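A short reminder: the numbers here are calculations on the coordinates, not readings from a lab. All values derive from a computational prediction rather than experimental measurement. Cβ: placed from backbone, ideal geometry, glycine included. Neighbour counts: every protein chain shown.
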Amino acid sequence: MGKQAYSGPLERVGEFVWRIPRSYKSGMRVDGLIYASEKLIEQIRHDQAPEQVANVAFLPGIQHASLAMPDIHWGYGFTIGGVCATDPEEGGVISPGGVGYDINCGVRLVRTRLSRSEVEPVLERLVDALYRRVPAGVGRGGAFRFDAKELCRLMAEGTRFLVGRGLASEADIAHTEAHGCLSGADPDLVSARAVERGAAQCGTLGSGNHFLEVQVVDEVCDEPAARTLGLAPDQVCVMIHSGSRGLGYQVCDDALRDLRGVPVKYGIQLPDAQLACAPVESPEGRRYLGAMCAAGNFAWCNRQLLMAQTRDVFAEVFGRSWSELGMSLVYDVAHNIAKHELHRIGGRERRVWVHRKGATRAFPPGHPEIPADYRAIGQPVLIPGDMGRASWVLVGQPGSMEQTFGTTCHGAGRAMSRTAALRASHGRRIDQELRERGVVARAQSWRGLAEEQPAAYKNVDDVVEVVHRAGLSRKVARMRPIGVIKG
Amino acid sequence: MYELFDHTADIGLRVRSADREDLFREAATGLFSLIAEPVRGGPSSCPVEIEVRGERLDLLLFDWLSEWLYLSDRDRTILCDFEVEWVEGGLRGRATAVPMEEAGALLREVKAITYHGLRVEHAGTEWIAEVIVDV
């Protein structure tokens, strides 16, 4: 199975919306809808991502449409950038593939009171110190150890568990999606294997596209919203991208094994084994949900501990406490998760399971789940781009509730496969190229940098422009990387 | 022999071999070539053994690779020198586990083996397997 272009139908039904009609494949229960510009849709056709959008439309209980954001690219089972909502009252299913192996992979943004001119003279030292302190890459265990009982509490309570240890504050919790805790977590449903894999990894970055970046606010598009989020031009921030580490991977692996044969048992026909699912209200479905929520809580603790280590390093390098440096959490979002949410469908409120596989919640102004201090502007949305160009801060808009179950994009989306990126980097020094762009990068392996080079990604500005103009989320600030830690 | 093939977000691994034992051995070697540069056993290395059961060859390959990956992640080791033995109802594998700190260049983390595009086929005189791994 190699990379083939999509040859099925894609009908333009709006300035930024492309439809795969339900008639494309017998078995599709709803249309597929892809949000993209003309430029992006040409890139999207190059692989099998649209086919995967059509395949997701097979899932029982799916509502409205199988959706994809403009950063869509070919994944396994679900496309990356995919969104699907299922209604348990209509036999709706939960699909581990719609969440992914890295359960609650997500992003957080930490602001500082430091300006670019204060950081640049010590940037090299700062990035080196971050690289030494924050475990990144294959096999690097974390500095934090939790025994079995503590891990159970951590998975049940999420970020709040860390407050008692002085590793999280009430403000951190208030500015984390779902307050850093999914209430349906049942640690007893997390296998011993998952715990073994995750025990030493809470507070570690991982590898692949995970990163820790020192960024500068490069451009402010919405001054009042930026002020509300505590962001201003030239300000230094830190963005952290990681997930549930080995614990989450094993929870997903266990669930997919548990679900072998289950679709047949419930008479569900699927075009791809990786879409394996079970009715939400089945024993198999409930088992997965309890474990998924526990892994999600582990992920929030992981990012919290990554932030705690980052704060310590800044305090050491700048000789002031992290609170004196103003290192408050702006917000933390999950972008690989399934959430039980209330949405208006067919003229009435219904509680559905929204699968976001490489997609970000983007609730509009006034939504009760947004922290009180941000409620007037909408939920902050954090969109990492690539390590050479930019990342973005947006806020959710009413269009997301009307069109995409309160969802927007999650990143730039890959334009080049990892193998192609490696080929394209032959004879080049990506770290030096980044330095020429003003970015100091540290990574465990040169291959990691090569696979993640800026050219491997779509231009995040193009992706963000689509969600901005489609009314899903509004641009607030563009962030430019100056320091990068990779696994 | 194994080779990598393009997959936008992840990495595809294709293995060809004249016999099934070699197919599974090469698949495991290919998997660990993604995680680290080739390793050799040293003074701290130790033997490890797994057993996987099942009838469907594609699922057997999935379980075979997943089991090695789990051991590697749990123990922070890189595995090499794989041996394959067919036993009733499945297969038994042996390998050498090298601690990561002695393994030389580490490349990337493999999160999981996926079912997407998973296949094991006997085509003419050769066995061919394809698997996409999440990285």
If amide H atoms are modeled at 1.01 Å from N in the peptide plane, then the residues at a separation of 5 or more from residue A:479, or on another chain, having amide H under 5 Å from its own are A:218, A:391, A:392, A:393
To the nearest 10 degrees, how steeply does helix B:57-75 sit against the main Cα axis of chain B, on a 0 to 90 scale?
10
Taking the Cα of residue A:124, stepping 7 Å toward and past its beta carbon, and measuring to each backbone N in the range A:461-487: which are under 16 Å?
A:483-484
Just to be sure I understand the model, the point goes 7 Å from the Cα along the line to the Cβ. What's the resulting residue A:153 to residue B:22 distance in nm?
5.7
Which value at 222 nm does chain B reach when only helices count, each DSSP H run of 4 or more adding -39,500 (n - 2.57), with the total divided by all residues and rounded to the nearest 500 deg cm²/dmol?
-8500 deg cm²/dmol
Under Karplus coefficients 6.51, -1.76 and 1.60, residue-wise ³J(HN,Hα) of the range A:294-302 in Hz, glycine/proline x:
5, 5, x, 5, 4, 5, 5, 5, 4
In debye to the nearest 20, how big a dipole does the protein assembly as shown give about its Cα centre with +1 on each Lys and Arg Cβ and -1 on each Asp and Glu Cβ?
1020
Using 1/(1 + (r/R0)^6) with R0 = 35 angstrom and r between the beta carbons of residue A:223 and residue A:345, what's the FRET efficiency to the nearest 0.05?
0.50
Using the Cβ atoms and a cut-off under 11 Å, what net charge is assigned to the surroundings of residue A:58, where Lys and Arg are +1 and Asp and Glu are -1?
+2
Could you give the dipole magnitude of the range A:69-178 about its Cα centre, charging the beta-carbon of Lys and Arg +1 and that of Asp and Glu -1, in debye to the nearest 20?
720
Cα-based helix-to-principal-axis angle, A:123-133 vs chain A, degrees rounded to 10
60
Net charge over other residues, Cβ less than 14 angstrom from the Cβ of residue A:321 (K, R count +1; D, E count -1)
0
Could you sort the peptides A:302-314, A:322-334 by per-residue average Cβ neighbour count (10 Å cutoff), highest mean leading?
A:302-314, A:322-334
Within a 10 angstrom radius of each residue's Cβ in A:131-137, how many Cβ atoms of other chains show up on average? Whole number is fine.
1
Using a Förster radius of 45 Å, what is the FRET efficiency between residue B:125 and residue B:51 based on their Cβ-Cβ separation? Nearest 0.05, please.
0.95
In peptide B:98-111, how many Cβ atoms from other protein chains are near each Cβ within 10 Å, on average?
6
What does the charge add up to near residue A:391, with Lys and Arg as +1, Asp and Glu as -1, over the other residues with Cβ less than 11 Å from its Cβ?
-1
Return the whole-Å distance between the Cα centroid of the range A:41-89 and the Cα centroid of the range A:350-382.
20
Run the numbers for residue A:170 and residue A:192: contour at 0.36 nm per residue of separation, minus the present Cα-Cα distance, in nm.
4.8 nm
For the modelled label position 7 Å from the Cα of residue A:324 along Cα-to-Cβ, which residues of the range A:107-136 have backbone nitrogen atoms closer than 15 Å?
A:113-114
Whole-Hz Karplus ³J(HN,Hα) for the range A:245-260, in order, using 6.51 cos²θ - 1.76 cosθ + 1.60 and θ = phi - 60°, x for Gly and Pro?
6, x, 4, x, 4, 6, 4, 5, 4, 4, 5, 5, 5, 4, 8, 4
Packing-wise, with mean Cβ within 10 Å as the measure, how do A:63-75, A:157-169, B:83-95 rank, highest first?
A:63-75, A:157-169, B:83-95
The ³J(HN,Hα) series, computed from each phi in the range B:2-18 with the Karplus coefficients 6.51, -1.76 and 1.60 at θ = phi - 60°, rounded to the nearest Hz and given as x for glycine or proline, is 10, 8, 9, 10, 5, 9, 3, 9, 10, 9, x, 10, 10, 10, 10, 7, 7
Of all the C-alpha pairs in the range A:125-272, what % are more than 28 Å from each other?
36
Signed unit charges on C-beta, dipole axis of the range B:2-134, positive-most listed residue B:54, B:29, B:87
B:29
Residues with amide H under 5 Å from that of residue B:77, placed H, sequence gap 5 or more:
B:100
If amide H atoms are modeled at 1.01 Å from N in the peptide plane, then the residues at a separation of 5 or more from residue A:10, or on another chain, having amide H under 5 Å from its own are none
Counting only other chains, and only Cβ atoms inside 10 Å, what mean value do you get across the residues of A:443-452?
3
Extension gain (nm, one decimal) between residue A:25 and residue A:5, 0.36 nm per residue minus Cα-Cα:
5.5 nm
